[in-house]
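Okay, structure first, notes after.
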Amino acid sequence: MSKPFYLTTPIYYVNDRPHIGHTYTTVLADVIARFHRMLGEEVYFLTGTDEHGQKVEKAAAARGITPKALADEVVANYTDLWQRMGMTHFRFIRTTDADHVAQVQRLFKRLLDKGDIYKATYKGLYSVSDEAYVTETQAKELQAQGLAHQLVELEEETYFFKLSAYQDRLLKYFEEHPDFVQPEFRFNEVKRFVEGGLQDLSISRTSISWGIPVPGDEKHVVYVWFDALLNYLTGCPGGAWPPDLQLVGKDILRFHAVYWPAFLMAAGMFQPKTILAHGWWLMGEDKMSKSKGNVVRPDTLLRFGNDALRFFFIRDMQVGHDRGFSLEGFMDRLNADLANGLGNLTSRTLSMIQRYRDGHIPAMPAFRDGATRAKEDLGRAICVQFPESARLNNFNGALDLLWDYLRGLDGYIVEKQPWNLAKDPAKAEELDAVLHLLWQALRVTAVLIAPVMPAMAQDLWSQVGMGGEVSAQRIDQVAWDAPVPERIGTIQPLFQRIDKEKEMSEIEGANAPAADAKPVLDVPELRETIDYDTFAKTDLRVGQVLEAERVPKSDKLIKMRVDLGFEQRTIVGGIGKAYAPEDLVGRRVVVVANLAPRKLMGIESHGMLLAASDNLGLPYLVAVPDDARPGFLVK
Ligand code: MSP
């Protein structure tokens, strides 16, 4: 027997509820899983959650609960959503599951014994917000973005994985396996990254306690990515290794295409066959994020039906590329393709069979005209091309083909005018041909769309009069000339047309006072206690902004001329996403006046403005009353 098809999604962090980005990855995986089942394969589809790390630890502390309790709470949002959406994963893995903890410790120990993991001291910069060591180049980039305050000097003992030893082996592997990463342009990025040189990877932390303890050295916990990637091993049922397809977003491709294969090489295990990196759903040009307040939650879209959401995701996104999301575009797509397109064609066809043939499906007469034959040939070709595209994970292309065909059938109906054929008994055969062709097209469509829209496909299957489960059909063997059942089933609308304006106002109304904005405070821990003298060294002054302009090529930085009473200064501040330059002019601000000058994107900034924010939101400038004059000391 052939090996089961093993398919994975990334495991999701538990610092947020699912949004449409996470939902997209899981839908894509579910569509692929259902497709492979319809090829007659046994499929294992794994998804789950990534629960360890500093962010979860802190968020839990802020709420006064344990990290595990926080994770349990968030995980329920995922498991509940996947259940409502009918996802067909065989296991929902959590990195806190006992078998996973044991797996991570076992492999850590094995690689340690083998010499692929070693203990040493790291000395250098660390980014608190990314929970990662920072190279000099990265530090410069952060400085240029005005984010250098997130960096701290660190000297700590850590376990390293000998990633550098795998550089050549990885490149050779890439060379020999041109399908290892898809799409190709992403594979090229990965290759360039590896060619640029690999440094050993720190895979333990002593500053975090919420994690899997390093076996035998428990003041260390295993770093989140070493822990997280191994979920694919823990969750793999016997006989299914290696993964056939691993879905990831473009942002986490490097972890999957470089670190992960290197870990597997070290462990002496087979590599996944393909890692498929998809792009992002964007809001306008922006990434979706809680701090920007532009996150779309799946429940907003699920009001139009689960299948509709699945269809939209697969039809609109070309795997690998980014795509802008808009609610309007979403509704337009469903109206055009499901209400008007397939829905209309179905109700037209079936009601004609009902009216003209009393619900009996006519056989194809021996004679048919050229137009009908051309549509038959095209239909037969699609039965082959659709599964071929889908095998290459090009579902968007497959749906394109099918919907072009369906649109063509609308034209065919207009051309044949069955309502006129029905009036003339001499044209009975010609009408049979039209009705039979349209019926076959709908039957075939039901099979082909089943992985994407399982419920709608079953509905269509029953409406055309076929018995049993459409998902039990072999999708690669949809014969066009299948025998015809006697009668059609009960006709009912496949998809209700969406009243766009009404829905828009309802959705906007519901979201108006930010229904989504369950306030979460995400702030760093309280810093160490200092005495008054230490504080008094900081010279804080009232200033007034005289001029302000954006720093070219930066959406964050604003260059200001600030009056400090005793002198004027140039200050560059990272507040450009929260304030427009024109709103700053005339404003009173608090300035750290004795901070050593430093260069930001080539401009010398002398001082810093005080602003309040948490890790998620935009900064608010600290305000002083208008009668406080420039130069006043703040103490
Ligand atoms: N926990 C890690 C993955 C570990 S895998 C061993 C992680 N989690 S995540 O929750 O932040 O992201 C999970 C997936 O969601 C990623 O593949 C990411 O690309 C995807 N998406 C997050 N936002 C997205 C969009 N706006 N659009 C599409 N997918 C995006 O990273």
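The values are calculated or read from the model by the stated rules, or taken from the named source; none is laboratory data. Computed from a predicted model, the values in this text were never measured in an experiment. All Cβ positions, glycine included, derive from the backbone under ideal geometry; neighbour counts span all protein chains shown.
Residues of region 276-288 that are within 11 Å of the ligand (Cβ to nearest atom) and touching a residue at least 24 places away in the same chain (Cβ under 8 Å): L276, A277, H278, G279, W280, W281, L282, M283, M288. Candidates in region 16-47 are the residues that are out of contact with any Ser or Thr (no Cβ under 8 Å at 6 or more places or on another chain) and within 8 Å of the ligand (Cβ to nearest atom); of these, the one that is nearest to Q458 (Cα to Cα) is Y24. Taken over region 226-253, the residue count meeting the criterion of being hydrophobic (A, V, I, L, M, F, W, C), in contact with a strand residue (DSSP E or B) (Cβ under 8 Å, 6 or more places away or on another chain) and within 16 Å of the ligand (Cβ to nearest atom) is 8. Taken together, the criteria exclude H256 from residues that are away from the ligand (no atom under 15 Å from the Cβ) and surrounded by 23 or more Cβ atoms within 10 Å (Cβ to Cβ). State whether one or more residues within region 293-313 are in a strand (DSSP E or B), farther than 30 Å from A165 by Cα and outside the structural domain of A102 (by TED's automatic domain parsing). The answer is no, given that none of the residues of region 293-313 is in a strand (DSSP E or B), farther than 30 Å from A165 by Cα and outside the structural domain of A102 (by TED's automatic domain parsing). For region 259-275, a residue qualifies if it is among the β-branched types (V, I, T) and within 15 Å of the ligand (Cβ to nearest atom), and exactly one does: I275. Among the residues of region 22-56, those that are at pLDDT below 95 and crowded, with 23+ Cβ neighbours inside 10 Å comprise G53, V56. Checked against the criterion of being at negative phi, touching a residue at least 60 places away in the same chain (Cβ under 8 Å) and assigned by TED's automatic domain parsing to the domain that holds Q354, the candidates R407, R487, R443, R497 yield just one match: R407. The residue list A363, A371 contains one member that is among the small types (G, A, S), out of contact with any Gly (no Cβ under 6 Å at 6 or more places or on another chain), surrounded by fewer than 19 Cβ atoms within 10 Å (Cβ to Cβ) and in a helix (DSSP H, G or I), which is A371. Taken together, I212, I252 contain a single residue that is in the same structural domain as P272 (by TED's automatic domain parsing) and either of a type in the set (D, E, K, R) or more than 22 Å from N188 (Cα to Cα) (or both), which is I212. Taken as a whole, the condition of being aromatic (F, W, Y), under 17 Å from the mean Cα position of the chain (by Cα) and crowded, with 20+ Cβ neighbours inside 10 Å does not apply to W210. Against the numbered list (1) under 24 Å from T79 (Cα atoms); (2) touching a residue at least 60 places away in the same chain (Cβ under 8 Å); (3) in the same structural domain as E41 (by TED's automatic domain parsing), L229 comes up short only at (2). The single condition from (1) closer than 22 Å to L247 by Cα; (2) more than 15 Å from the ligand (Cβ to nearest atom); (3) surrounded by fewer than 19 Cβ atoms within 10 Å (Cβ to Cβ) that N77 fails is (2).
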